[in-house]
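Have a look at the structure below, then the notes.
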Amino acid sequence: MRLFLIALTVAFAVWLPRPPAEGREVPEPVLPVLGVNQALLSIEPGRFGNLQHIRTPLPPRSVALTFDDGPDPTYNGRVLDILDARGIKATFFFVGQYAQAHPEQVREVVRRGHNVGSHSWSHPTRLRHLSPDAQVREVRRGYEALEAALADSPPEERARLEPMFRFPGLGEGAFMSQWLNRRGIIVVSAEGGTDDWRGYSASSITRVALTVIEENQGGLLILHETRPQMIRALPGLLDELSARGFTFVQITAGADGSDHALTVDDAVLTLK
């Protein structure tokens, strides 16, 4: 019995982690450098938003605003003014053909400190049903339009083109999701939407948005800058969320995520 206890003691001594040698410091983990009120999305697992994937990793009771389907020459500027008045930074998922038609609006969005991702070239809600080649063309042309709009912008503004993609109508398909992730592009869904695309009134949009945010205790929210009812609802919605104790954060892939997307084989993003 005594020999057994001695052997057991030796085994535990070998197994237990040893303290660092005197004079040696245990290195701190290297964490990404983020701006104030930013939330990092990583390429692993590369798909976020619990409508379809895992919950978006945001701080407790925080909301990340995203706007789809622009840039709209009528409403985009009004959205920017509403956000500026409250010091909120968002992410805009732009349709390539509209970015090509209104590149000055893309530049204004990043100039004001907002981020930009892609929402495809022409917004086909049945993107996943197209041939693989057609899907790839939709994605590449969308990013090409954004890069062309920002080609002459200062480096710090070009850096606001994020390696992020939102499927039109959230109509995600396995082929394109995997194709994007292999090229360092993060698929962004949401915790909830406002149903503003259904033509609801401003009061209904506000009610839907508050309900989904309260149920999720925060999360990533989809809005559409092309809907006048949403524009009418937006100031009151933002003020009510603030009154309820929610804070606003901006999603980003961070510098490492952007560098990765620029350097992978067969990259989609090329603008540095």
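The values are calculated or read from the model by the stated rules, or taken from the named source; none is laboratory data. As the structure is a computational prediction, the values presented were derived from the model and not from experiment. Reconstructed Cβ throughout: ideal geometry from the backbone, glycine too, with neighbour counts over all protein chains shown. Heavy atoms of the whole protein, side chains included, go into the accessibility calculation; ligands, DNA and RNA do not. Shrake-Rupley method; radii C 1.70, N 1.55, O 1.52, S 1.80 Å.
Return the whole-Å distance between the Cα centroid of segment 212-254 and the Cα centroid of segment 116-136.
Comparing the Cα centres of segment 212-254 and segment 116-136, I get a distance of 26 Å.
Expressed as a rounded percentage, what relative contact order does the chain have, with Cα pairs under 8 Å and six or more residues apart?
Normalised by residue count, the contact order of the chain is 27 percent.
Using a 10 Å cut-off on Cβ atoms, rank the peptides 112-123, 79-90 from the highest mean neighbour count down.
Final packing ranking: 112-123, 79-90.
Give the accessible area for Glu44 in Å² (nearest 10); use a 1.4 Å probe, count only protein heavy atoms, and leave out ligands, DNA and RNA.
Counting only protein heavy atoms, the figure is 140 Å².
Count the net charge of all other residues whose Cβ sits under 9 Å from the Cβ of Phe94, scoring Lys and Arg as +1 and Asp and Glu as -1.
So the surrounding residues net to -2.
Given a 1.4 Å probe and the protein chains all in place, what does the accessible area of Asp239 round to, in Å² to the nearest 10?
80
Around Ala202, what is the net charge, scoring Lys/Arg as +1 and Asp/Glu as -1 over all other residues with Cβ under 11 Å from its Cβ?
Within the 11 Å Cβ shell, the charges total +2.
Please give the direction-averaged projected area of the C-alpha convex hull for the chain, in square nanometres with one decimal.
20.9
By accessible area of protein heavy atoms, probe 1.4 Å, what ranking do Phe248, Phe167 get, highest first?
Per-residue accessible area, sorted high to low, gives Phe248, Phe167.
Are there DSSP H segments in the chain that both extend 18 Å or more along their axis (alpha-carbon positions) and score a mean Kyte-Doolittle hydropathy of at least 1.0? List them, or say none.
Helices meeting the criterion: 2-15.
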